[in-house]
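First the structure, in the form of structure tokens, and then the observations on it.
Bear in mind these aren't lab numbers, they're just calculated from the coordinates by the rules spelled out. Source: prediction; values computed, not measured. For neighbour counting, all protein chains shown are included, and Cβ atoms are generated from backbone atoms with ideal geometry for every residue, glycine included.
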Ligand code: HEM
């Protein structure tokens with residue numbers, strides 16, 4: 001690669017990886033503090049690990065994994081996958097598409113299908129403990145050959161940051177943030193309408 005190409009690749013990773021992961025973490029803190037039973041159960045799991053905890057052991061924790069998946073399901077950071085152009089005639093769900101047609105998959109609509117995710121508007125990490133979802137059912141990172149290249153890094157980052165902050169400190173939402181919050185468009189991504197602000201109540205240990 002030329003220096004210009006290398007710079008473009010690095011900038012893409014920075015732009016695609018920064019706001020997306022930060023927004024997902026913001027939602028994680030929103031949901032954990034709006035559903036204390038989930039936060040308490042997660043903390044109980046986190047405290048089974050010794051201090052300092054091995055990062056890979058953190059990443060393997062089942063309830064933490066379920067929480068991260070549910071955060072990414074309920075309010076996907078990207079509402080849409082990138083567009084796909086049809087190359088050869090195809091029929092999908094009874095609709096015929098022709099070469100040149102452009103398809104856009106709505107991640108949020110899929111994640112709100114009650115046949116896949118019962119009570120889809122409820123934050124319920126348990127749904128990810130009971131069953132596993134296929135790559136056509138859980139689309140937070142898109143699918144196929146253009147699936148997000150940073151998915152594994154983003155999930156790893158989210159788990160380590162949640163684990164270190166929750167193991168280290170007790171938080172509460174500030175009164176202005178402690179209310180229902182909904183996604184709104186921020187350019188290509190979706191983020192909280194109400195800023196999610198936390199106060200440190202005390203050190204956890
Ligand atoms: C929670 C965090 C993230 C979410 C929700 C997310 C979501 C997505 C989605 C939905 C796509 C489109 C995939 C498709 O159309 O099939 C995408 C593409 C992409 N993401 Fe992420 N992403 C995240 C973090 C990251 C990180 C950390 C990086 C890099 C370090 C990254 C780099 C990219 C790149 C380069 C693409 C384009 C891939 C291609 O076109 O081949 N993303 N991401």
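Here are some notes:
- For the pair residue 126 and residue 19, the difference between a 0.36 nm per residue extended length and the Cα-Cα distance amounts to 35.8 nm.
- Computed over the alpha-carbon atoms, the stretch 3-203 gives an Rg to Rh ratio of 1.00, Rh here being the Kirkwood radius from the mean inverse distance.
- With the simple model of a label 7 Å out from the Cα in the direction of the Cβ, residue 133 to residue 160 spans 2.5 nm.
- Peptide packing: for 66-76, 32-42, 144-154, the average count of neighbouring Cβ atoms within 10 Å per residue gives the ranking 66-76, 32-42, 144-154, highest mean first.
- Relative protection proxy for 18-29, 182-193, from highest mean packing down: 18-29, 182-193 (other beta-carbon atoms within 10 angstrom).
- Residue 204-residue 9 FRET efficiency (beta carbon distance; Förster radius 30 Å; 0.05 resolution): 0.15
- The stretch 3-203, relative contact order [Cα under 8 Å, separation at least 6], %: 25
- Between residue 86 and residue 57, the distance separating the two model label sites (each 7 Å from Cα on the Cα→Cβ line) works out to 5.3 nm.
- C-alpha center-to-center spacing [the stretch 19-56, the stretch 100-151] in angstrom: 21
- Angle in degrees between helix 36-46 and the longest Cα principal axis of the chain, rounded to the nearest 10: 80
- Largest GNM mean-square fluctuation among 117, 156, 95, using the chain with Cα springs under 10 Å: 95.
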